[in-house]
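Before I ask anything, here is the structure I am working with.
The values are calculated or read from the model by the stated rules, or taken from the named source; none is laboratory data. These numbers were taken from a predicted model, which means no experiment stands behind them. Neighbour counts run over all protein chains shown; Cβ positions are idealised from the backbone, glycine included. Calculation scope for accessible area: heavy atoms of the full protein, side chains included, ligands and nucleic acids excluded. Shrake-Rupley method; radii C 1.70, N 1.55, O 1.52, S 1.80 Å.
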2 protein chains.
Amino acid sequence: MKPSIPKGTRDFSPQEMVRRNYLFDTIKQVFQRYGYLPIETPAMENLQTLMGKYGDEGDKLIFKILNSGNPFSDIDENDLNSIRTAVLAKIKSKNTNKDGITKITKNALEDEIDKEINLFSKKISEKALRYDLTVPFARYVVQHQHEISFPFKRYQIQPVWRADRPQKGRYREFYQCDADVIGSNSLLNEVELVQLIDDVFTTLKVPVTIKINNRKILSGIAEVIGEKEKIVTITVAIDKIDKIGVDGVNKELQENGINDIAIQKLQPLIEFKGSTIEKLNFLKQLLASSEIGLKGINEVETIINTVTICNLQSAICELDITLARGLNYYTGAIFEVKANVGTLTSSICGGGRYDDLTGVFGLPNMSGVGISFGADRIYDVLNELNLYPESVSTSTKLLFVTFGEAEQTYCLPLLAKVRKAGINAELYPDANAKMKKQMGYADDKKIPFVVIVGSDEMQNGMLTFKTMASGEQQKIVIDTIIEKLK
Amino acid sequence: MKPSIPKGTRDFSPQEMVRRNYLFDTIKQVFQRYGYLPIETPAMENLQTLMGKYGDEGDKLIFKILNSGNPFSDIDENDLNSIRTAVLAKIKSKNTNKDGITKITKNALEDEIDKEINLFSKKISEKALRYDLTVPFARYVVQHQHEISFPFKRYQIQPVWRADRPQKGRYREFYQCDADVIGSNSLLNEVELVQLIDDVFTTLKVPVTIKINNRKILSGIAEVIGEKEKIVTITVAIDKIDKIGVDGVNKELQENGINDIAIQKLQPLIEFKGSTIEKLNFLKQLLASSEIGLKGINEVETIINTVTICNLQSAICELDITLARGLNYYTGAIFEVKANVGTLTSSICGGGRYDDLTGVFGLPNMSGVGISFGADRIYDVLNELNLYPESVSTSTKLLFVTFGEAEQTYCLPLLAKVRKAGINAELYPDANAKMKKQMGYADDKKIPFVVIVGSDEMQNGMLTFKTMASGEQQKIVIDTIIEKLK
């Protein structure tokens, strides 16, 4: 049996960990510089906290945990009979498929079986793994509302789990790094998040474009073309313009029941090219009759103008009215960040404002705005472009190489002294290991300096100090070594 | 519906997180100072990686994850019938209990049901949550053996999950902080771990006693009293001496089939009091005829002598021959650490040497030694004694308090400047919030300094800088504030 890990999950080696910690520490420091404070929530949430929050597709991707003890103790003969019937029906349908059972009948049957299985699953599972950090955060805010001082700025860096089909760059366990502020309607929060994104990616040396949009603008567009109810359909279609072109978008709109007059009204918008200011001016005319649309334009304008006052360091910030990310949840600003370098085309950070983040848990009218950094994708970008500072490549700084037990014993107090000075150091533990092996260990572990101690060194205290990169050797006392490495 | 989290799990507030991070960062820094490098493994392991590694009781406490998709797709009529029969039998046995079914019959029935349920569980669950960090580490070493340079010193700080009955100080999700070295037989590794423990607890200001023992000494004792096979029984009994006294220990030995002569031979050992050196000398005589016993004594002596050369900073290190922790796994050194302060009597750190850590995964003869810090218990000790440095209590250092949108806009570039200097700062986001509310926010968040900006301040750039603790106010420019807080 060759040991392995579940598909879609990963081990991280020391080298990878050091790089990931650099990434997480950078994000963490910026979060804190902006006044966001950390919280953590359990990996497991009650199933009812999570179910129904991510749509039907999301619900299916939640990893459920089998009840401990005897998970079947609460089930009775009826449960067993119904799942038995459902599974038998499935087996039967599979076998008789070729004999002419139609596709629709099969789907309906599968739905029935899904229902049975859901009912049964609920009885044997009451907990599930965290699927994102937003729902646990909303639950946290409601549960601890009396201990929290609002506006509450929190960050959270923890793994989430999704039963997605594993594929390149997609994992079943991955980290999210979220910063949200809840209990404040001020647009300064949006401004601050744009600055924060700029700060993180400037520090990481990744040039990015921050696209912003506003749900209210999308509502306005749907309103002025007379298709208020079809806002999602319209936005989803417009979002594909880069992939399928204007004709493709129009075709999709038509197929989804948008009338021809509405589609015609949309044309100038779909075809419009221009700077953010030009876009805003164009939108002001187009949405002149829509109160909500004008409010959206005003919000975007305020955010972009204020961001401009503060001067972003390296990010480009622009309006993109095709941006529809998470449209079902967002009510105001929508953000998405893409790297301007490297081959990754998907977004590496995103977020927006929810007007009612906690209503589902019984605390209505709490507006929140936040962003989520996709740590694993950013990690891929940093790796591809090798954007790690040199200082990130190592951890142990000094290795003591010795030729026997007496030398080891001699080195122990020296080693303690070096460590006490805050220098990461070690002594090769096996007394009978050959020089070559010990030096190979230093090489493999990328330890930049070694101290070689034999009988000469023990007699006069002048230790052989070797710089691995250059091969240069010098004879110096331990205090000088400490001075050099501090 | 009041939102809640699964029993035995916890949310961590910003204040708790800051304290926990202090604890984790301290441990991490010491690990790195000793040349241990971080790895991480997935929260989910394949069920077969975990099952059978923790004994029957442990197996029952592993949290299993329901297969995603349709977890019941692979089960057939027979599976359903057998679990149905088993559960029905259980229901039946419960109902007829009073009518005279004996206890033994019931237990046997329960065993049968357990077997059925296990078989069924296996079909619907192939993954489980990490139960400790040692088994995933062993799996990691075997899986990545060709990328690893041995001896491999790794640390790992991650949560583990156990379906224990939740009780005070025991959680179903808790962090372990493990450091292990694998691929080296040298006792210097043991010495180093003792020093490392001393370093961690000295930094945390918790005085501790490090008890050490050796499995080989316990083997020697069992050998010389002629009960070689009953080493576990003997050690478990001796381990209880503080609780049940000499008579209690003897009674337990007798009940477990240790013969009277053997018990008599044990008496001097059980009753022996003395320093570590006296104990070692006493043991040398007692175990003179046992080769393995003498080897154990020699190992302990080497470790303690070498530790003495290096001078521990604050920990007391002593031999405790009743220490039997994890006896089923350890083959050499056994460690356990208890705090000498506070009310917690259970151990806060422990470990030992395994001669064959990875054999179960197909890589034999890899000796490893390691320790595990019980972060949640240490956290309880630090909280009880309030051992946090002052610097740990806060995160945001400066709050901008303003009286309107114009003031906010004026402050934005100043805020950016302060942050650019690396100072954690924020601006109260809602322009129309009253002074009292903004100051209350600073109080709640324990922000030590605020800058108050009104129309006067905007005109001449002299900002009102207030120290929250003293209430002292002064008028100074932003650069002076930055200088002060840097």
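Just a yes or no: is a residue in region B:310-326 touching a Leu at 6+ places or on another chain (Cβ under 7 Å), within 14 Å of another protein chain (Cβ to nearest Cβ), open to solvent by less than 40 Å² (accessible area, probe 1.4 Å) and modelled with pLDDT under 95?
yes
Here's the yes/no breakdown for (1) of a type in the set (K, R); (2) part of a helix (DSSP H, G or I); (3) open to solvent by 90 Å² or more (accessible area, probe 1.4 Å):
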site	(1), (2), (3)
B:K273	yes, no, yes
B:L283	no, yes, no
B:A288	no, no, no
B:E301	no, yes, no
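Would you check which residues across region A:2-31 are in a loop (DSSP other than H, G, I, E, B) and more than 8 Å from chain B (Cβ to nearest Cβ) and list them?
Passing the criteria: A:K7, A:G8.
From the list B:E405, B:E426, which one is in contact with a Ser or Thr (Cβ under 7 Å, 6 or more places away or on another chain) and either surrounded by 15 or more Cβ atoms within 10 Å (Cβ to Cβ) or farther than 30 Å from B:T26 by Cβ (or both)?
B:E426
OK, next. Can you report the number of residues in region B:408-423 which are more than 16 Å from A:N305 (Cβ to Cβ) and either of a type outside the set (A, V, I, L, M, F, W, C) or surrounded by fewer than 17 Cβ atoms within 10 Å (Cβ to Cβ) (or both)?
Qualifying residue count, region B:408-423: 5.
For region A:32-58: of the residues being part of a helix (DSSP H, G or I), touching a helix residue (DSSP H, G or I) at 6+ places or on another chain (Cβ under 8 Å) and open to solvent by 10 Å² or more (accessible area, probe 1.4 Å), which is nearest to the other protein chains (Cβ to nearest Cβ)?
Per the criteria, the residue is A:R33.
How do the pairs read when you match residues in region A:53-69 that are free of Cβ contacts under 8 Å to residues at least 24 places away in the same chain and small (G, A, S) with residues anywhere that are assigned to a helix (DSSP H, G or I) and surrounded by 14 or more Cβ atoms within 10 Å (Cβ to Cβ), using Cβ under 8 Å and keeping only pairs 6 or more apart or on different chains?
So the pair list comes out as A:S68/B:K60; A:G69/B:K60.
Give the residue that is surrounded by the fewest Cβ atoms within 10 Å (Cβ to Cβ), with candidates limited to residues of region A:327-357 that are of a type in the set (V, I, T) and in contact with a helix residue (DSSP H, G or I) (Cβ under 8 Å, 6 or more places away or on another chain).
Taking the candidates together, the pick is A:T343.
Condition first: more than 10 Å from chain A (Cβ to nearest Cβ), closer than 11 Å to B:I371 by Cβ and of a type outside the set (A, V, I, L, M). Now tell me which residues in region B:164-210 satisfy that.
Passing the criteria: B:Q176, B:C177, B:D178, B:D180.
Of (1) among the hydroxyl-bearing types (S, T, Y); (2) more than 13 Å from A:E407 (Cα to Cα); (3) modelled with pLDDT under 95, A:S455 satisfies all except one. Which?
Result: A:S455 passes all but (2).
Then there's this: When you scan region A:141-157, do you find a residue that is open to solvent by less than 20 Å² (accessible area, probe 1.4 Å), within 7 Å of chain B (Cβ to nearest Cβ), among the hydrophobic types (A, V, I, L, M, F, W, C) and over 16 Å from the mean Cα position of the chain (by Cα), even just one?
Within region A:141-157, one or more residues are open to solvent by less than 20 Å² (accessible area, probe 1.4 Å), within 7 Å of chain B (Cβ to nearest Cβ), among the hydrophobic types (A, V, I, L, M, F, W, C) and over 16 Å from the mean Cα position of the chain (by Cα).
Filtering region A:170-180 down to residues that are open to solvent by less than 40 Å² (accessible area, probe 1.4 Å) and farther than 11 Å from A:T9 by Cα, which residue is nearest to the chain's Cα centre (by Cα)?
A:Q176
Next up: What strands (runs of 3 or more DSSP E) completely inside region B:350-446 contain at least 1 residues that are at pLDDT 95 or above and closer than 30 Å to B:L193 by Cβ?
B:368-374
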